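Trainee: Below are the C-alpha cells for one structure; questions will follow.
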Amino acid sequence: MTNLQAILAYQETDKELYAIEREIAGSEERKEYVKMKKFLEAAPEKLDALEVKANSLKGEASSLVEKYEKAEETLKEFDSLDELIESGADVSFYKKKAQSVMELLKKLKAEITALTASINATSDEYQKLKKQVIAAQKMYREAADKYNAVKASKEETRVELEKKLAEIAKNVNGETMERYKTKRKERIFPIIGQIQDKRCPFCSMEPPLASLNRLTGGTTIECDSCHRFIYKE
Ligand SMILES: [Zn+2]
C-alpha cells in the first residue's frame, strides 16, 4: 500500500467518525445544553450589574432625601414669621422665600418618587433573573444528562472507528498524518481529493501551473483557496 492509498483509506474510515461527530454536534440535545450553559455563564455578570445599578440608585435616593430634609428644615425658620413681621420685616421677601422652598420640596418629592419606582423595577428584575437562574440550573443538569446520553449512544462505534483508524495510520507516513490531523482539527472535511480537470475537486479553483507541474504520481499539493490537499494518481 502506498502512502497515498493509505491516507485515502484512512480518510474513508474517518468519514464515518466525522459523520458521528457532526451528528452529535448538530443534535438538539447539544444545542439545548450549550444554550443553558451560556445562560448560566453570563448570569453572574448580569446579576452583579443589576446589584451595582440598585446600589447606585439607592445612593441617589438617600442624597435626595437628605436634600428634602434640609429644605424642610429651612421651612421652620418661618415659624417665627409673626414676630419678624411685627418687628417690621419685609413680608414679600419671606413670602418669596417660602414659595421657592415649597417648590423645591415639590420637585424633590417627584424625583424621589421616580427614583423609588426605578429602584423597585431594578429589584424586580434582579429577583426575576435569580429565579430564572435557579430554573436554568435544573434545566442545565437535565440537558447535560441528555447530551451525555447522545454521546454515550455513539461511544461504542466511535471507539471501534478510532481503533480501525489507528491500524490504518500505521501505513501512513508520519508527516502526512500530521498534516492531515492539523486540517481535521480545523474541522475541514474531506481533507484530500483527486484533481479533476486541473481543478480542486472541492472548490473548483485552478491551482497555479507551478503547483500543477509538481503534481505527479502520488504527490500532493495544497489548494490555495480551500487549503485542502489535492493529489493526482
Ligand atoms: Zn480548493
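Taken together, the values in this text are just the output of simple stated rules run on the coordinates, not laboratory data. Since the model is a prediction, treat every value here as computed from it, not as a measurement. As a convention, Cβ positions derive from the backbone with ideal geometry for all residues, glycine included, and neighbour counts pool all protein chains shown.
Trainee: Show me, for region 154-162, the HN-Hα J-couplings you get by feeding each phi into the Karplus relation (A = 6.51, B = -1.76, C = 1.60, θ = phi - 60°), rounded to Hz, glycine and proline as x.
Mentor: 9, 4, 4, 4, 4, 4, 4, 5, 4
Trainee: Could you quote the convex hull projected area for region 191-233, Cα atoms only and averaged over all directions, in nm²?
Mentor: For region 191-233, the mean projected area of the Cα convex hull comes to 2.4 nm².
Trainee: Net charge near residue 81, counting Lys/Arg +1 and Asp/Glu -1 over other residues with Cβ under 12 Å of its Cβ?
Mentor: Once all neighbours under 12 Å are counted, the net charge is -3.
Trainee: Go ahead and set up a Gaussian network model of the chain, Cα springs under 10 Å, then flag whichever of 75, 115, 165 fluctuates most.
Mentor: Answer for the Gaussian network model of the chain: 75.
Trainee: If you average the sequence gap of Cα pairs under 8 Å that are 6 or more apart and divide by the length of region 191-233, what percent do you get for the contact order?
Mentor: Reported as a whole number, the value is 44 percent.
Trainee: How many angstrom lie between the Cα centre of region 120-158 and the Cα centre of region 12-44?
Mentor: Taking the Cα centre of each part, region 120-158 and region 12-44 sit 14 Å apart.
Trainee: A further question follows. Counting Lys +1, Arg +1, Asp -1, Glu -1, what net charge surrounds residue 208 among other residues with beta carbon under 13 Å of its beta carbon?
Mentor: For residues surrounding residue 208, the net value is 0.
Trainee: Still on this structure, I have one more. Would you work out the relative contact order for the chain, in percent, from Cα pairs under 8 angstrom that are 6 or more residues apart?
Mentor: Result for the chain is 29 percent.
Trainee: ³J(HN,Hα) across region 36-43 via Karplus (A = 6.51, B = -1.76, C = 1.60, θ = phi - 60°), whole Hz, x for Gly/Pro?
Mentor: Karplus-based 3J(HN,Hα) across region 36-43 equals 5, 4, 4, 4, 5, 5, 7, 4 Hz.
Trainee: Also, I was wondering about something else. Which residue fluctuates the most in the chain, going by a Gaussian network model with Cα springs under 10 Å, if the choices are 99, 137, 194?
Mentor: Of 99, 137, 194, the Gaussian network model singles out 99 as fluctuating most.
Trainee: Oh, and also: Once phi is turned into θ = phi - 60°, what whole-Hz ³J(HN,Hα) does the Karplus curve with 6.51, -1.76 and 1.60 give for every residue of region 205-222, x standing for Gly and Pro?
Mentor: In residue order, the calculated couplings are 6, 8, x, x, 3, 4, 5, 4, 5, 6, 7, 9, x, x, 7, 10, 10, 9 Hz.
Trainee: Can you pull the Rg over Rh of region 5-68, Cα-only, Kirkwood?
Mentor: Computed over Cα atoms, the ratio is 1.58.
Trainee: In whole Å, what is the distance between the alpha-carbon centres of region 197-214 and region 76-101?
Mentor: 98
Trainee: While we're looking at this one, here's another question. Taking a cut-off of 24 Å between Cα atoms, list the lysines near residue 164, but don't count ones fewer than 8 places away on the same chain.
Mentor: Output for residue 164: 15, 151, 154, 181, 183, 185.
Trainee: Classify the chain as rounded, prolate or oblate, taking a ≥ b ≥ c as the square roots of the eigenvalues of its Cα gyration tensor: rounded when a/c is under 1.5, otherwise prolate if a/b is larger than b/c and oblate if not.
Mentor: Cα axes put the chain in the prolate bin.
Trainee: A further question on this structure: In the neighborhood of residue 91, defined by Cβ-to-Cβ distances under 13 Å, what is the net charge if each Lys or Arg adds +1 and each Asp or Glu adds -1?
Mentor: My count for the surroundings of residue 91 gives -1.
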